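The values are calculated or read from the model by the stated rules, or taken from the named source; none is laboratory data. Please read all numbers here as calculations on a predicted model, not as lab measurements. Note: ideal-geometry Cβ built from the backbone for every residue, glycine included; neighbour counts use all protein chains shown. We work out accessible area using only protein heavy atoms, side chains counted, and drop any ligands, DNA or RNA first. Shrake-Rupley method; radii C 1.70, N 1.55, O 1.52, S 1.80 Å.
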Amino acid sequence: MSVNLALFRQSWIGEYLLCLIWGLLIGWGCSAEADRQSEGEGGSDADSDTDSDTDSDGDSDGDSDGDSDGDSDGDSDGDSKFVGNTWYNFEEYKPKVGDCGEMILAVFRDFKSDHPDFERDNLGWGPLQGVVDEDLGKDKKPEMVDSWGDNQVVDKNCQEQCPNGGVLEDSEFETTNEWQNNWEVSNQDYSSYDPPPPMYDGRSAFSDWYSDDEKISKQVKKWLSLEEQDDGSYVFDSNAFFPIDEDEGWGAESGQTDANGDEHNFLFTTEVHLEFPYKGGEKFTFRGDDDLWIFVNNKLALDLGGLHWPFEGTIDFDKMANILGIKKGNTYDMDIYHAERHTEASNFRIETNIECFVNVIVE
């Protein structure tokens with residue numbers, strides 16, 4: 001019986017047998033062929049795992065970082081610019097009291113769309129400053145002073161809507177009267193509101209955001225991991241920020257989907273309490289949607305309230321030292337309040353050169 005040697009060699013069985021014979025003669029091994037056998041006829045990747053690419057990380061995305069998103073950065077967010085979009089369940093990480101590091105404890109509160117401040121109709125758009133008091137409340141909660149605020153923030157590079165993100169430092173500001181008059185001209189049916197708020201129902205509804213009432217919201221605690229970058233900064237970056245799983249809190253509501261049509265658990269607030277040592281030169285940048293207020297030493301340091309596209313602002317601690325009442329060599333509180341109030345996107349990004357945060361538990 002004649003054997004077609006070319007066809008024999010093209011099969012994995014043929015290659016494996018030839019490899020064994022050759023290996024007996026010169027001492028080679030055939031792990032690649034064993035790998036290929038377990039992967040199937042199409043898996044000729046010559047590595048030591050069982051997938052179909054040429055790395056050995058166990059996935060088939062073509063990079064060697066161990067996740068399956070194909071971006072080589074080691075996280076699972078699908079972008080390659082930043083490492084770090086990881087959150088962990090509260091029970092997964094137990095720091096000692098006073099531990100200093102890059103893990104941030106976040107208290108999330110999940111809301112339903114029947115709350116008047118969440119999934120609101122289009123009653124206004126754009127970051128709105130002056131909604132909360134410049135001094136943090138004694139109970140460590142922000143206090144609403146005016147649902148109309150003082151200024152609407154308009155990035156002069158993209159006007160009211162910034163799908164790719166606006167920047168506070170590039171923005172202009174409309175006064176409350178201008179903002180209110182413009183809104184009333186374009187929205188005639190506001191007679192049922194007294195006063196007619198563009199983005200908030202009022203003080204009573206706002207008081208629900210960062211307090212616990214199981215009839216209104218469900219609390220979920222998670223850890224956010226800031227990852228050190230090559231330039232020494234620390235970053236948490238997610239353009240799909242849904243830290244409350246679909247089976248946590250109230251769960252994902254039917255019809256609440258992102259731009260790709262995928263259902264997520266939208267509509268939640270975020271509360272974070274930290275301490276940090278002020279040495280000089282520190283900066284803290286936040287980019288996201290929707291509302292964001294950061295207090296340092298109980299003074300409002302970054303004001304990005306309102307419903308808006310991803311918007312970015314930076315706290316330069318040296319430039320704001322007098323306003324915040326801070327001096328180098330001391331330790332100060334940083335209190336962060338955020339809300340995700342509307343479909344169809346959720347962005348949350350922190351970048352800072354502060355390398356040491358101590359988490360503070362506020363009951």
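Table for the structure above
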{"read-out": "Among (1) touching a His at 6+ places or on another chain (Cβ under 8 Å); (2) more than 26 Å from PRO116 (Cβ to Cβ) - the single one LYS283 does not satisfy", "value": "(1)"}
{"read-out": "Among the candidates THR314, THR257, THR331, residue that is surrounded by fewer than 20 Cβ atoms within 10 Å (Cβ to Cβ), among the polar types (S, T, N, Q) and more than 19 Å from the chain's Cα centre (by Cα)", "value": "THR331"}
{"read-out": "Some residue of the stretch 279-290 being in a loop (DSSP other than H, G, I, E, B), in contact with a Gly (Cβ under 8 Å, 6 or more places away or on another chain), of a type in the set (D, E, K, R) and over 24 Å from GLU228 (Cα atoms)", "value": "yes"}
{"read-out": "Any hit, the stretch 271-283, residues being among the basic types (Lys, Arg) and in contact with a Pro (Cβ under 7 Å, 6 or more places away or on another chain)", "value": "no"}
{"read-out": "ASP71 modelled with pLDDT of 85 or more and of a type outside the set (A, V, I, L, M)", "value": "no"}
{"read-out": "Cβ pairs under 9 Å, 6+ apart, first in the stretch 258-272 and closer than 16 Å to GLY305 by Cβ and assigned to a loop (DSSP other than H, G, I, E, B), second open to solvent by 40 Å² or more (accessible area, probe 1.4 Å) and among the hydrophobic types (A, V, I, L, M, F, W, C)", "value": "none"}
{"read-out": "ILE244 in a loop (DSSP other than H, G, I, E, B), open to solvent by less than 10 Å² (accessible area, probe 1.4 Å) and not acidic (Asp, Glu)", "value": "yes"}
{"read-out": "Close pairs from the stretch 311-330: first on the phi > 0 side of the Ramachandran plot and part of a loop (DSSP other than H, G, I, E, B), partner open to solvent by 70 Å² or more (accessible area, probe 1.4 Å) and of a type in the set (D, E, K, R), Cβ under 7 Å, at least 6 apart", "value": "GLY325/LYS299"}
